[in-house]
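S.K.: Below you'll find the structure I mean.
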Amino acid sequence: MRLLVTGGAGYVGSVVAAQLIEAGHEVTVLDDLSTGHEDAVPEGARFVRADIREADQALDGVEAVLHFAAKSLVGESVREPGRYWAGNLGGTLALLDAMRDKGVGRIVFSSTAATYGEPERSPIEESDPTRPTNPYGASKLAVDTALSAYAGLRGLGAVSLRYFNVAGAYGRYRERHAVETHLIPNVLKVATGERESVSVFGTDYPTADGTCVRDYIHVSDLAKAHLLALGAITPGEHEIYNLGSGTGFSVQEVISVCREVTGHEIPAVVGERRPGDPAVLVASSARIQRELGWKAERASLRDIVSDAWGALSGK
Ligand code: UDP
């Protein structure tokens, strides 16, 4: 298929773009490089440097869009909510209008576990309440709401994938944010010598060891779900699927696995809780397994950390 991948110079977008090209699709990457890297655009993709509001120039002949371009820092979204509403919701609405004008009727959307907020039960299912606790999650949920409306009104075919904690690397494609907030890359930066220690944000949560529990999914498995979603899009319908491994690991457990994989002692310093962090976030991915036949292949935390470490350290 001829596909447009917005945000294809970013972490998840570049991995999905690479897998789409490997599967024989014709890919154009649209990215304004505000947080992405041009050298992350996979070989074989056409690259257009532009904002998603200018996507019309890249939509001729396109059969479907995979939409990753977004702002995605929770803390920044609390400090500057307007940028999140304008970029994530306003930008996506402009993209959807451009798609309508160009007759492009299919989209796979990069949504997030942050749409659920503080969960009532674990693991979280797609039918659970969505009560985001920050503007990032709220802006992504607003897009999901718009996609459902446009599916009904305009016959758009859409699939939203709600990611839990994405980690690991796919070949040379890895996580490299200018401002790194995520746990695994920050822990590994201690092993490379870029940081002296990692902070553990709170040890008084109601979990077995007192640190927060998250559901880590390998970026390669996550990317594969996008290819399945693309094939399952139905005009006039909007489907939502969670994507996680179904298993939770605490911050302390993640640090332990990173110590084992890297052979580095990785000093950890206990710090304050990070505002807005739920104690436990674990996905039920039963629905995507059942309906699209998705299955994680590199599900163990050791595989995830090993691949992230391999891409970072060249080992
Ligand atoms: N975390 C931590 N130290 C760090 C980064 C994160 O203790 O340097 C904790 C964070 O409070 C959360 C978990 O690790 O409980 C995962 O955080 P991350 O930012 O990777 O993902 P999130 O779950 O917030 O999307």
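Each reported figure results from applying straightforward, stated rules to the coordinates on display, with no laboratory input. This structure is a prediction, so every number in the text was calculated from the model and none was measured. Note that we place each Cβ from the backbone using ideal geometry, even for glycine, and neighbour counts take in every protein chain shown.
S.K.: Enumerate the calculated ³J(HN,Hα) couplings along the stretch 187-195 in order (Karplus 6.51 cos²θ - 1.76 cosθ + 1.60, θ = phi - 60°), each rounded to whole Hz, writing x wherever the residue is Gly or Pro.
M.R.: 5, 5, 5, 6, 5, 7, x, 6, 10
S.K.: Follow-up. So how far, in whole Å, is the C-alpha centre of the stretch 46-88 from the one of the stretch 281-315?
M.R.: Each part reduced to its Cα centre gives a spacing of 25 Å.
S.K.: In addition: How compact is the stretch 94-219 by the rule of thumb for globular proteins, expressed as Cα Rg over 2.2 N^0.38 Å? Before the final figure, lay out each step's value.
M.R.: Values: Rg = 18.2 Å, N = 126, 2.2 N^0.38 = 13.8 Å.
That works out to 1.32 for the stretch 94-219.
S.K.: Please state the charge dipole magnitude for the stretch 1-80, taken about the Cα centre, from unit charges on C-beta atoms (+1 on K and R, -1 on D and E), reported in debye and rounded to the nearest 20. Walk me through the numbers on the way to the answer.
M.R.: Values: 6 positive and 14 negative charges, 35 e Å.
It works out to roughly 160 debye.
S.K.: Report, ordered by chain and residue number, the lysines lying within cross-link reach of LYS189, taken as a straight Cα distance under 17 Å and ignoring same-chain residues fewer than 8 apart.
M.R.: Hits, sequence-local ones excluded: LYS315.
S.K.: Select from ALA178, ALA70, ALA23 the residue whose mean-square fluctuation is largest in a Gaussian network model of the chain (Cα-Cα springs shorter than 10 Å).
M.R.: Maximum among the listed residues: ALA178.
S.K.: Relative contact order, percent, of the stretch 3-150 when contacts are C-alpha pairs under 8 Å separated by at least 6 residues? Intermediate results must be reported in sequence, preceding the final value.
M.R.: Numbers: 250 pairs, mean separation 32.5, N = 148.
Taking the mean separation of contacting Cα pairs over the length of the stretch 3-150, I get 22 percent.
S.K.: Still on this structure, please answer the following. Collect residues whose amide H, placed 1.01 Å from N in the peptide plane, falls under 5 Å from the amide H of VAL198; neighbours closer than 5 in sequence don't count.
M.R.: HN-HN under 5 Å from VAL198: ALA268, VAL269.
S.K.: Applying the Karplus parametrisation 6.51 cos²θ - 1.76 cosθ + 1.60 with θ = phi - 60° to the phi angles of the stretch 86-101, what ³J(HN,Hα) value in whole Hz is obtained for each residue in order, glycine and proline being reported as x?
M.R.: Result, ordered by residue: 5, x, 6, 8, x, x, 5, 4, 5, 4, 5, 5, 5, 4, 4, 4 Hz.
S.K.: Please report the projected area of the stretch 1-137's Cα convex hull averaged over all directions, in nm². If you can, show how the numbers build up before the last one.
M.R.: Values: hull surface 35.2 nm².
Dividing the Cα hull surface by four gives the mean projection, 8.8 nm².
S.K.: Another question, then. Along each principal axis of its Cα atoms, how long is the stretch 71-159 end to end? Whole angstroms, biggest number first, please.
M.R.: Between the extreme Cα coordinates on each principal axis of the stretch 71-159 lie 39, 29, 16 Å.
S.K.: Now for a separate question. Plugging the Kirkwood radius over Cα pairs into Stokes-Einstein for the stretch 223-305, at a temperature of 25 °C and a viscosity of 0.890 mPa s, what D comes out in µm²/s?
M.R.: Here the translational diffusion coefficient equals 157 µm²/s.
S.K.: Determine ³J(HN,Hα), in whole Hz, for all residues of the stretch 255-260 in sequence, where each value follows from phi through the Karplus function 6.51 cos²θ - 1.76 cosθ + 1.60 and θ = phi - 60°; x replaces Gly and Pro.
M.R.: Using θ = phi - 60°, the values come out as 4, 4, 5, 5, 5, 4 Hz.
S.K.: So what is the calculated 222 nm ellipticity per residue for the chain, using -39500 (n - 2.57) for each DSSP H run with n of 4 or more, over all residues, to the nearest 500 deg cm²/dmol?
M.R.: Only helices count here, giving -10500 deg cm²/dmol.
S.K.: With a cap of 10 neighbouring Cβ atoms within 10 Å, and only residues DSSP puts in a loop, list the chymotrypsin sites (Phe, Trp or Tyr not before Pro) found in the stretch 186-275. Don't skip to the end; give the middle numbers.
M.R.: Numbers: sites: PHE201, TYR216, TYR241, PHE249; in loops: none.
Those that pass, being in a loop and sparsely packed, number zero.
S.K.: Something else about it: Please grab the % of Cα pairs in the chain that end up more than 32 Å from each other.
M.R.: Working: 11339 of 49455 pairs.
So the portion of pairs separated by more than 32 Å is 23 percent.
S.K.: Which of these, ASN242, ASN186, ASN88, has the largest mean-square fluctuation under a Gaussian network model of the chain (Cα springs below 10 Å)?
M.R.: Comparing ASN242, ASN186, ASN88 in a Gaussian network model of the chain, the most mobile one is ASN186.
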